[in-house]
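Have a look at the structure below, then the notes.
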Amino acid sequence: MNIKPKVGVVSCSGECCSLGTLSRVATRLVLEEYRPDVTVTICLPLFLAGELEEHGFAKEHPTIAVDGCGKLCARKAIARYSNEPADSVVVEDILEQWGIQAPASRRELDGDGVETARRLAQEISGRIDGIRGE
Amino acid sequence: MAEEYLQMTADKFIFRVKKNLLYSQDDVWVDAAGAKAKIGVTDFFQRRGGDIIFLELPREGDSLTRGSRFASFETIKVVFDVISPVSGVVTRTNAELEPNPETINADPYGKGWIAEVTITDAGELDGLLTPEAYLELMKGKVAEEMKKIKGK
Amino acid sequence: MGKPVLVIPCSGIGKAFGSIGRDATFRVVDELRKGKADTLCLSLLVMGDEEARDKVAAAKCIAVDGCPLECAGKNIVRSGGSIAAHFWVMELLKENRGLKTSAVTFLDENSVKLSKLLAERIARKVDELAEEDQR
């Protein structure tokens, strides 16, 4: 029987800038809409506070880190406290590839920002499919 | 501490069933000693509901009937009825819970106890589940809940 | 003007509380008390970023936690900071039963109202702490 694992999706908390907000919203969209049955949230603050369930899951399952910027908090945290993530997405780099500017507001995404978040969610979903061998 | 509990894992969630207690089909535990019992909700119950923000508790002197609602919890999304596992009279309720209902979420088998009861029909305890039997019941319930939850 | 007060939310991604706390924090640092309050990435702090640690060590910190798990509070203290004030979104909801919400990804009407209420309280605390510094 070929059992495909669920994937833990870890977003940076990203208070510093709108890239973090994009990271967070895109991650939520993956969990809620795009890949709800095959993903699990790993809450990064909870993970960093040492919560057993977050750690336990990340040790036993593949994870994908979604970071807003090059500081790579999510990726480094998962690697340090459990295992190297199976994949990593850096929103700043992807926006540069797409020729899109970061949203102006970090508190609330406008229409374009939400559209960008959805596009990122699709990108992350494709990576998740890759991790699961689909 | 792990030896005190049976447990199962679903995704990242660990559900605990404390040993040496009895359980109802409605996810309520009973710690009985003779005609006295302490009752509370299981780890599965508190987790399914989420963070409890408001609650309604029985009062001292209230009569409980097995199978009937005796308390209710309100979370950010929904109100849950808590069904009495035994018939009896409430002798004490947990005063800690009114100001701090989240105690139930943090420690459902310990500090989150709900009420102490004098049982009127000890025979009702025979109808309750062992920890092992409750674990099996809970596995089915968890599977159902996981199907319902999207994106969490 | 003295050093900004640091307002640090848990930004918990799994619950509505985390989204509300985060939104309220931004209302304070970007609008209500711009220049007087600042924020930083909790994860950056916990991962040992020197600049973040120096900021926390030098400033008065307000922790904004969504729920009793207190990820912001715990992580600030573990990273060498001390908490001058602490807010819990769940406590605010207890006082405002009519504003129940489960919106996590995008705030709804109730969560916006809660965020604004919380932001006002945090802003007042920022004023108090800033005034203490000036005495």
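Within the stretch A:101-115, being within 14 Å of chain C (Cβ to nearest Cβ) and in a helix (DSSP H, G or I) holds for A:GLY111, A:GLY113, A:VAL114, A:GLU115. Would you check if B:PHE13 is surrounded by 18 or more Cβ atoms within 10 Å (Cβ to Cβ) and within 14 Å of chain A (Cβ to nearest Cβ)? Judged against the criteria, B:PHE13 is a match.
In the stretch A:47-78, what count of residues is obtained for those that are of a type in the set (A, V, I, L, M) and at the interface with chain B (Cβ under 10 Å from one of its Cβ atoms)? Residues meeting the conditions: 2. Candidates are the residues of the stretch A:101-134 that are among the small types (Gly, Ala, Ser) and within 21 Å of C:GLY18 (Cβ to Cβ); the one that is surrounded by the fewest Cβ atoms within 10 Å (Cβ to Cβ) is A:SER105.
Summed over the stretch A:28-45, the residues that are more than 10 Å from chain B (Cβ to nearest Cβ) and within 19 Å of A:ASN83 (Cβ to Cβ) give a count of 2.
No other residue among A:GLU54, A:GLU33 is touching a strand residue (DSSP E or B) at 6+ places or on another chain (Cβ under 7 Å) and among the charged types (D, E, K, R) apart from A:GLU54. Under the condition of being within 14 Å of chain A (Cβ to nearest Cβ) and more than 21 Å from B:ASN100 (Cα to Cα), the residues counted in the stretch B:16-65 number 1.
Read-outs: derived from the displayed coordinates by stated rules, not from any lab. Keep in mind it's a predicted model, so treat the numbers as computed, not measured. Counting neighbours? That spans all protein chains shown, and the Cβs are built from the backbone with ideal geometry, glycine included.
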